[in-house]
Amino acid sequence: MNPAADRSLARHEGIALTQKRVFTVDRLFHVFTYLSALAALLLLVGVIVALIEGSLPALAKFKFGFFFRDMWDPVKEDFGALAPLFGTLVTAAIAMIIAVPVGIGIAIFLTELCPRALRRPIGIAIELLAGVPSIIFGIWGLFVLAPFLQKNVQPALIGAFENIPVLSSLFAGPPYGIGIATAGLILAIMVLPFVTAITRDVFQTVPAMQKEAAYGVGCTTWEVVRHIVIPHTRIGILGGVMLGLGRALGETMAVTFVIGNAHEIGTSLFGPGTTISATIASEFTEAVGDLYTSSLIALGLLLFIVTFIVLACARLLLMRLSQRPGL
Amino acid sequence: MMNRALYARRRMVNRIIAALSTGAAALGILVLALVLATLFAEGFAGLKLSTFTEMTPPPGNSGGLLNAIAGSLILTGAATLVGAPLGIFAGTYMAEYGRYSRLTPTIRFINDVLLSAPSIVIGLFVYEIMVVPMGHFSAWSGIVALAIIVIPITLRTTEDMLALVPSQLREAAVALGAPMWRVIWKVSYRAALGGMLTGVLLAVARISGETAPLLFTALNNQFWSTNFGAPMASLPATIFQFAMSPYPDWQRLAWAGALLITLAVLLLNVFARVLASRQRQR
């Protein structure tokens, strides 16, 4: 064998070796990223499994009736989820009733009415506010909003509706300041930036050509919004609303401060109540005994299932939107 | 012939709606401004030099938030170090190796749901898997809880940003004989760096204000502690405890802490925004 061929052979081998190493590294990195992705998936499974396991003692004792019993007695160790579930649904409903129309109104203002120079600053301010931690809204609610409502708003409402059949029980009782209504209001303030930001984003996906065509045949701004923008973005708005609802249902700190933490199902919006997340936040570290802890975890499981369904619907709707051709 | 009555009505409806939506905007901005105004007024009134140099006091005594600030920095930093790489690598898989894998859409969907899952449930989960087996609350469990919140945020932004990198860039690198991992590190990551950093910053901003997942993992600690195996103080947990208390001293400190968190979060958000817009210009 001549030396030249020898050298070339050695070089080939060298290259082959480096190549092998290179591809081993590639395989390793591939597997590594794959496992990370899998971990993200397993996280959800893990959360569900851990919550189910933790709530087994409570579910074994109270069966599925746990979710529909109005009972919370740590002394007798008798628990049911109805009062927190009721509070969660009512506060979230109040929040959405306020935040959705206001949010859509702001979005209409931002996309159709606002002077161009103000659009960006207001838009950015709203997006920044969506990032403010919920505990800030919580202490603001406790120290500012609740006393204000107690002094100025609640007595007036209670007085005004005193003699009207349904409304008198809805706005009844001593004005505590804190309670279901205040919690709903704080939640509304908190989800408002989310609903506004998403609605504005989907409003902006409407092709300018379509809007201009409508303006061109003489439509007023409202008619353009009503007949062009909203039909075009219906699914996106619904997705955004569901996303806001998911947040409102699961929000903890903003609510815990102002709801009063009483396991009651009252007819009055001014009465104290509790939500699932507020119950867990304020009682978990003080819970004595397995059954108490387990009942709180079962509440967490219930909350996770409810928000999972809502959020999954929201994502499916928003996904359908992004798959539509022309967007 | 123009129908004057109809025209007048249409104009009227339009005016009413315009007034209502302008009113909505004014109301929304007013309320949110009110929240911030109170926060700044109360927060700056409670903010003193001692806030940064002294430990959290027992009720009725003066003190600061030093241990809570340090605890928050440690918990947030460590959780980012744990969670961000995991999210980034998972996002890398979804955008690079597994772009056409059937697993990818599933992960994306689950991740989007986890992105807005109630954080208190994450706290319960970590309580079950770490606090119960270990038998006590610890900074470690708080770090894991926060890291679980970091993962979906960084995963989402990483995947989105890598998906924006033009395939021609990758193909050019592959044609030169580079293996995939080098293409990812030298081409994709470089092109998407700004966006990926934005995601990490947003994640840091999000967890620095999170309270619910810390309540029964890291708990709280009235004293200075850097022991990861023991409960650790954090600003949000301290604010929660102090604001709910009847002591004015504690309430003042709660406002000061709330102001610090808000400033940090706003700053991080602004910074992330600047980074993102720089990325877009490139």
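What follows is calculated from the coordinates using simple rules that are stated; it is not laboratory data. These numbers were taken from a predicted model, which means no experiment stands behind them. Here the Cβ is made from the backbone with ideal geometry for all residues, glycine too, and neighbour counts use every protein chain on show.
Observations on the structure shown:
- Matching helices (runs of 4 or more DSSP H) fully within segment A:239-327 where at least 1 residues are farther than 14 Å from residue B:116 by Cα and without any contact (Cβ under 8 Å) to a residue 60 or more places away in the chain: A:276-283, A:290-323
- Among (1) of a type outside the set (Asp, Glu); (2) away from chain B (no Cβ under 13 Å); (3) surrounded by fewer than 18 Cβ atoms within 10 Å (Cβ to Cβ); (4) more than 24 Å from the chain's Cα centre (by Cα), the one test that residue A:215 misses: (2)
- Given (1) touching a residue at least 60 places away in the same chain (Cβ under 8 Å); (2) closer than 23 Å to residue A:308 by Cα; (3) more than 7 Å from chain B (Cβ to nearest Cβ), number of the condition residue A:51 does not satisfy: (3)
- As a summary of the residue check, residue B:83 satisfies the conditions (1) small (Gly, Ala, Ser); (2) in a helix (DSSP H, G or I); (3) over 27 Å from the mean Cα position of the chain (by Cα) except for the one numbered (3).
Quick grid of which residues meet (1) under 30 Å from residue B:248 (Cβ atoms); (2) buried (at least 22 other Cβ atoms within 10 Å of the Cβ):
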{"site": "A:150", "(1), (2)": "yes, no"}
{"site": "A:155", "(1), (2)": "yes, no"}
{"site": "A:163", "(1), (2)": "no, no"}
{"site": "A:201", "(1), (2)": "no, no"}
{"site": "A:205", "(1), (2)": "no, no"}
{"site": "A:229", "(1), (2)": "no, yes"}
{"site": "A:232", "(1), (2)": "no, no"}
{"site": "A:252", "(1), (2)": "yes, yes"}
{"site": "A:255", "(1), (2)": "yes, yes"}
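- When B:89, B:52 are screened for being of a type outside the set (Asp, Glu), part of a helix (DSSP H, G or I), closer than 30 Å to residue B:174 by Cβ and without any contact (Cβ under 8 Å) to a residue 24 or more places away in the chain, only B:89 passes.
- Only one entry of B:64, B:60 meets the criterion of being in contact with a Ser or Thr (Cβ under 7 Å, 6 or more places away or on another chain) and more than 8 Å from chain A (Cβ to nearest Cβ), and that entry is B:64.
- Where helices (runs of 4 or more DSSP H) fall wholly inside segment B:166-229, the ranges with 2 or more residues that are of a type in the set (Ser, Thr, Tyr) are B:189-208.
- Residues in segment A:78-123 that are in contact with a Ser or Thr (Cβ under 9 Å, 6 or more places away or on another chain), surrounded by fewer than 20 Cβ atoms within 10 Å (Cβ to Cβ) and not in a helix (DSSP H, G or I): A:114 alone.
- Qualifying residue in segment A:159-177 (condition: within 14 Å of another protein chain (Cβ to nearest Cβ) and under 30 Å from residue B:266 (Cβ atoms)): no
- Residue A:135 meets each of the listed conditions (1) within 22 Å of residue A:236 (Cα to Cα); (2) within 8 Å of another protein chain (Cβ to nearest Cβ); (3) among the β-branched types (Val, Ile, Thr) apart from (1).
- Criterion: facing chain A (nearest Cβ under 7 Å), buried (at least 18 other Cβ atoms within 10 Å of the Cβ) and either basic (Lys, Arg) or part of a helix (DSSP H, G or I) (or both) - qualifying residue of B:20, B:39, B:27: B:39
- First in segment A:221-235 and of a type in the set (Phe, Trp, Tyr), second anywhere and in a helix (DSSP H, G or I), Cβ under 8 Å, 6 or more apart: A:222/B:13; A:222/B:14; A:222/B:17; A:222/B:18
- Matching residues in segment A:54-82 - criterion: being free of Cβ contacts under 8 Å to residues at least 60 places away in the same chain and small (Gly, Ala, Ser): A:60, A:65, A:80
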